[in-house]
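Read the structure below first, then the notes.
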Amino acid sequence: MASSSSSSSRLAFFAISVLLLSSLAMATDFVVGDDKGWTLDFDYTAWAQDKVFHVGDTLWFNYAKANHNVVKVNGTQFKDCSFTAENEVLSTGKDNITLKAEGRKWYICSRGNHCANHQMKLVITVEAAPPAPAPTSSASSLVASLSGALIVALAAILS
Ligand SMILES: [Cu+2]
């Protein structure tokens, strides 16, 4: 049956294209420290090393709020494990930070000596958003319209 094999390959093409398109358009959630979260004596430099951070991605800091916090600092403060009253402090225990701009970002824990002696410091480099950010209002509408165009193209090729 030629018609049934062509419709199943059409379905496969469709499924693959939707997956590819959604992965392009979707921002990534990074849980800092993965299962360990934001904690003492975890190597956040190693954790960040093999990851690529883009504008639009989100960092999640999970930790016991009685013990830790997250302070946004600059490069010098990061090196010295220092901060001032002007630095933004997050302290809910489940903080998320959406990366809004390219460049280096630095985060430390300001409790006790956690930054200086227990590696509670994270530096990342944020890159531009992944290819073809939509000039349209939302990423999902881009995916929808691209998927639609692809289906039409595939239907034409496969028919
Ligand atoms: Cu801490």
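If you place +1 on the Cβ of every Lys and Arg, -1 on the Cβ of every Asp and Glu, and leave all else neutral, what size is the dipole of region 32-128 about its Cα centre, to the nearest 20 Debye? Intermediate results must be reported in sequence, preceding the final value.
Working: 11 positive and 12 negative charges, 44 e Å.
In total the dipole reaches around 220 debye.
Rounded, prolate or oblate, given the Cα gyration tensor of region 32-128, with a/c below 1.5 counting as rounded? Don't skip to the answer; put the middle values down first.
Details: a/c = 1.41, a/b = 1.25, b/c = 1.13.
Cα axes put region 32-128 in the rounded bin.
Taking 0.36 nm per residue of separation and subtracting the Cα-Cα distance, what length does fully extending Ala46 through Ala64 add?
Values: separation 18, 0.36 × 18 = 6.48 nm, distance 2.20 nm.
Difference between extended and current length: 4.3 nm.
Could you order the peptides 30-37, 68-75, 97-104 from most to least packed, using the average number of other C-beta atoms within 10 Å per residue? Numbers along the way, then the final one.
Values: 30-37: 15.6, 68-75: 19.4, 97-104: 12.8.
In decreasing order of mean packing, 30-37, 68-75, 97-104 become 68-75, 30-37, 97-104.
For labels at Thr98 and Lys72 in the simple 7 Å Cα→Cβ model, what's the distance in nm?
1.3
Read-outs throughout are calculated quantities, based only on the coordinates presented, and are distinct from any laboratory measurement. Keep in mind that what you see is a predicted model, and the values were worked out from it rather than measured. Quick reminder, even Gly has a Cβ in these numbers, built from the backbone with ideal geometry, and neighbours come from all protein chains shown.
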